[in-house]
Amino acid sequence: MWSRMNRAAEEFYSRLLQEFDEEKKGIHKDPFIYETDVQGQLIGKGQPNPLKNILNENDMIFIVEKLPLEKEETSHVEELQSEETAISDFSTGENVGPLALSVGRASLLSLLLNLYPYRIGFPIGRSYDPVTFLSLPAVCILICLVCPSPTSSLGELFMQLIGLYAMAHNPNMTHLKINHPVTALPALWVRCDSSDPEGTCWLGAELITTNDNITGIVLYTVSSKADKNYSVNLEDLKSSHKKRHHLSTVTARGFAQYELFKSTALDDTLAASQTTITLDISWSPVDEILQTPPLSSTATLVLADGLRTGVSEWPEPLEVKSAVDLVQEFLNDLNKLDGFGDSTKKDTETVKHDSAAVDRTIECLFTVRGDLDFAEQLWFKMSSSVISYQDLVKCFTLIIQSLQRGDIQPWLHSGSNSLLSKLIHQSYHGTMDTISLSGTVPVKMLLEIGLDKLKKDYISFFIGQELASLNHLEYFTTPSVDIQEQVCRVQKLHHILEILVSCMLFIKPQHELLFALTQSCIKYYKQNPLDEQHIFQLPVRPTAVKSLYQSEKPQKWKVEISGGQKKVKTVWQLSDSAPVDHLSFHKPDVSELTLNGSLEERMFYTNMVTCSQVHFK
């Protein structure tokens, strides 16, 4: 038995180590197969993490789960399976994607034997008295915490995998044929199907390290239920934690999350996007379950604007006249003014008409500038009427010919490096470069004048609202980088604007908070690429946002009980949405009050996290 278990621990550790090393090299691979019916995957930092809603887990982790196989494939695989397999066989189901495992007690003793002989000094191969062995306090804790009621042999395999993981990392297991000191691997989590009475949905094992040395392991069990009649007492949770971990005192820390705003297709004219504003609050001590956070809490505003489709289409023309006719009229008007003058006043109505096509929330904060130069007015004429590449060529041909003849000498703002602005400046001196309006040149010319227009609009908004200075915005508006990078930086600036507009309209924060949010967004985007799904976080004073949450019910409420050790804690959580994505909860046919106070068919979800800590030395 021990030789087979040793070999299994060596092989399992080696497989996990291989995945870990490849991830560090930037090699991202599909899930790997282990023991024919087990699927494993390393979830890296930044990747969607299924444990985030439960433990705020964002570190690198391993996940193992049942690999579904077609029934006809299963029999073939079983024929090829080696008789020397160190882990017992188990059945498979339909091919419906990654599956959760049932949890059983059957392999409890083998898991405990993996963990404890080298810790407590028992020699391998000795026959142990079960009563003596099971009377060990740590063993009893594991029985209560890690192993729910028996359900299937499938759970045996996964219990053994946790045991093999612990066995391979135990520094006392020097006889194992692995390199020492052992590399500490990311935590291992097993996806379970919650079919046991406790509703177990995850089992986990996480290493404890001190000064880069592995000193122990924390074993987790996570349960989840849909429970409209939940009943829990804070003092009972504290007492249970004290008893489980032999503590005299514990502390309780509360967390609450309020959804302040979430756009829908009706709220947002850009139906392909979704804006979410949430308020996360934490405090200690906790007086009771579902306590309203006190004003002494720590609060963070969380803003996200994402879910873009990534598809853009040329807008429908807003003008009845063709682009060529509009540009010709525009040039004729300038010619009547001897090439100079300001036609901004005449064009104001067109600007307002064009702004009706943009998001209403941005429109109400974006005032029409009164200093539009020739290129900006030209942008409005062309962007509202051009419907083809040929339109672009004809329009720019008219403009270049007028400049060459000296019919117009339009004025421009300083700071533009666009091709059209260079031609205009050259026309002042009677000489112009010859430009071939072919290939991408006409498109680039229109893009350049559009970028210049947007940059000036953003500068006007941020400075006008006293949210940023020219120095703050220089990175986003500089023309000294290539056109593609300019587009990317303007997109970043627009994303910042969307975040600010959402806050200004839906939570109406004080200017101090808006300024801090603006600076936070600017700092982030000076150092990171465009990410429309990035979540911006901003610390706020609870007193400044108390009206937004004190009379509301949270979407998530959680209490963490601990005795001073960071990883050893009991967690109870209530939410109005399922925190576990691989479980399908039955929805009762009743109408009840939801957490946000509205009357509709909704259920509550409770989550419980308990753990046990085992020291190797």
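List of remarks:
- Among residues of the range 1-24, those that are open to solvent by 60 Å² or more (accessible area, probe 1.4 Å) and either touching a residue at least 12 places away in the same chain (Cβ under 8 Å) or in a helix (DSSP H, G or I) (or both), counted: 7
- Among the residues of the range 557-577, just one is more than 16 Å from Ser612 (Cβ to Cβ), more than 22 Å from the chain's Cα centre (by Cα) and open to solvent by less than 10 Å² (accessible area, probe 1.4 Å), namely Val559.
- Among the residues of the range 471-494, those that are farther than 16 Å from Ile459 by Cβ and of a type outside the set (S, T, N, Q) comprise Val481, Asp482, Ile483, Glu485, Val487, Cys488.
- Within the range 159-181, being touching a residue at least 40 places away in the same chain (Cβ under 8 Å) and either β-branched (Val, Ile, Thr) or assigned to a loop (DSSP other than H, G, I, E, B) (or both) holds for Ile162, Asn170, Pro171, Asn172, Met173, His175, Leu176, Lys177, Ile178.
- Among (1) within 25 Å of Lys321 (Cα to Cα); (2) surrounded by fewer than 21 Cβ atoms within 10 Å (Cβ to Cβ) - the single one Pro410 does not satisfy: (2)
- In the set (1) basic (Lys, Arg); (2) at pLDDT below 90; (3) surrounded by 16 or more Cβ atoms within 10 Å (Cβ to Cβ), Arg360 fails one condition alone, (3).
- Complete set of residues in the range 413-432 that are of a type outside the set (Ser, Thr, Tyr) and crowded, with 21+ Cβ neighbours inside 10 Å: Leu420, Ile424
- The range 207-258: number of residues that are touching a Ser or Thr at 6+ places or on another chain (Cβ under 7 Å), among the β-branched types (Val, Ile, Thr) and open to solvent by 20 Å² or more (accessible area, probe 1.4 Å): 5
- Among the conditions (1) loosely packed, with under 12 Cβ neighbours inside 10 Å; (2) not in a helix (DSSP H, G or I), Gln401 misses just one, which is (2).
- Among strands (runs of 3 or more DSSP E) entirely within the range 196-268, having at least 3 residues that are among the small types (Gly, Ala, Ser) and closer than 30 Å to Phe62 by Cβ singles out 213-226.
- Residues that are part of a loop (DSSP other than H, G, I, E, B), in contact (Cβ under 8 Å) with a residue 12 or more places away in the chain, of a type in the set (A, V, I, L, M) and surrounded by fewer than 20 Cβ atoms within 10 Å (Cβ to Cβ) do occur in the range 502-525.
- Total residues in the range 419-446, condition assigned to a loop (DSSP other than H, G, I, E, B) and closer than 21 Å to Ser385 by Cα: 4
- Look at the range 527-548: where a residue is more than 21 Å from Glu498 (Cβ to Cβ) and assigned to a loop (DSSP other than H, G, I, E, B) and a partner is open to solvent by 50 Å² or more (accessible area, probe 1.4 Å) and not polar (S, T, N, Q), sitting 6+ places away or on another chain with Cβ atoms under 9 Å, you get Arg541/Leu295.
Yes/no per residue for (1) at pLDDT 90 or above; (2) in contact with a strand residue (DSSP E or B) (Cβ under 7 Å, 6 or more places away or on another chain); (3) not basic (Lys, Arg):
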site	(1), (2), (3)
His413	no, no, yes
Ile449	yes, no, yes
Lys455	yes, no, no
Leu467	yes, no, yes
Thr478	yes, no, yes
Lys508	no, no, no
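The values are calculated or read from the model by the stated rules, or taken from the named source; none is laboratory data. Keep in mind it's a predicted model, so treat the numbers as computed, not measured. In this analysis, Cβ positions are derived from the backbone assuming ideal geometry, glycine residues included, and neighbour counts consider all displayed protein chains. These accessible areas exclude ligands, DNA and RNA; they are computed on the full protein's heavy atoms, side chains included. Shrake-Rupley method; radii C 1.70, N 1.55, O 1.52, S 1.80 Å.
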